Amino acid sequence: MGPLGKKLEGHDVALVVGAPVFRYYPYVPGPYLPDGMRLLHISDDPAETARAPVGDSLLGDAVLSLAALTKLLGERKPKTDRPREKITHRMAPHPPNQAKASNDGLLTAAEVFEALSEIRPANAILVEESPSNLADLHTWWPITEPASFFTFASGGLGWNLPASVGIALGERETGRNRPVIMIIGDGSFQYSVQSIWTAAQHHLPILFIVLRNGEYCILKSFAELEETPGVPGLDLPGIDIVSLAKGYGCDGARLDDLDAIKRAAAEAWTKSKPTVLEIPISPQVPPLM
């Protein structure tokens, strides 16, 4: 709560539309709002309006509510000429990795995302569960179209892998047939790995990109934030992602060359089965704050 309250200092009113008030990831003690700020929350979910810890909640349709509020607003000029702070990393809780290349000879997540951005179809759907690489992902894969990006809420691991299968099924049923790419870490992959069997049984041409850094990297970030070094069980040696993929009926390959990754990714959407690409990357623990 503390960092968000600090960001909101100097403002009079906060308007939250269609989102909870507030989900914190990670939790840091502090006031929800700075002194003097009022908050209005608009949501069509009565459970969310009931649990909002601060502000006034309005239960209603977001579009109709905003249309009504717009009519009440006249021409207003800001009280200050102070330039607005530019948020460079947008949807991620931490900034992107600035290093272009790693020191261990392995690819970085940023390099992989840059390569994928060069070959992805314009209408591709992105599903993501790689929290330690989220900032780099959004640097190279900005979300510009509605219903083209899906992820979990506040770090609820295990949802996105089966969700990508359901999304691909929905694309087939509606006839839109947009290509689906699932970006996931090797830690997150373990929660619902059986989902790829369902994808194979339905002959869905999903591209699963499994970033293999050999650890629960985001939990190591939490360990640093909580000042609890040496937490056991956060390393993941000895997992053969490719064998798992083939055992569930998918195509699978382990690739560490960017050109080979681009070729395999472009081919994945032309198949009648899922493709799982295991890509070893450099383990880089990002700061959470």
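Of all residues in the range 13-52, those that are in contact with a strand residue (DSSP E or B) (Cβ under 7 Å, 6 or more places away or on another chain) and either hydrophobic (A, V, I, L, M, F, W, C) or exposed (fewer than 14 other Cβ atoms within 10 Å of the Cβ) (or both) total 14.
Residue count for the range 196-216, restricted to those that are assigned to a loop (DSSP other than H, G, I, E, B) and of a type in the set (A, V, I, L, M): 2. For the range 120-161, the tally of residues that are more than 24 Å from residue 20 (Cα to Cα), part of a loop (DSSP other than H, G, I, E, B) and among the aromatic types (Phe, Trp, Tyr) stands at 1. Checking each residue in the range 147-204 for being closer than 21 Å to residue 137 by Cα, among the acidic types (Asp, Glu) and modelled with pLDDT of 95 or more picks out no residue at all. Residues that are assigned to a helix (DSSP H, G or I) and within 13 Å of residue 121 (Cα to Cα) within the range 251-276 comprise 262, 265, 266, 267, 268, listed in sequence order. Among the residues of the range 159-167, is there at least one that is in contact with an Asp or Glu (Cβ under 8 Å, 6 or more places away or on another chain), assigned by TED's automatic domain parsing to the domain that holds residue 238 and more than 21 Å from residue 116 (Cα to Cα)? The answer is yes; a qualifying residue exists. The set of residues in the range 162-189 being under 16 Å from residue 252 (Cα atoms) and assigned to a helix (DSSP H, G or I) consists of 189 alone.
If you check 265, 260, 245 for being at pLDDT 95 or above and surrounded by fewer than 16 Cβ atoms within 10 Å (Cβ to Cβ), only one passes: 260.
Looking only at residues in the range 152-180 that are of a type outside the set (Gly, Ala, Ser) and surrounded by 22 or more Cβ atoms within 10 Å (Cβ to Cβ), which one is farthest from the chain's Cα centre (by Cα)?
Across the range 152-180, the extreme among qualifying residues is 165.
The values are calculated or read from the model by the stated rules, or taken from the named source; none is laboratory data. This structure is a prediction, so every number in the text was calculated from the model and none was measured. Note that each Cβ is placed from the backbone with ideal geometry, even for glycine, and that neighbours are counted across all protein chains shown.
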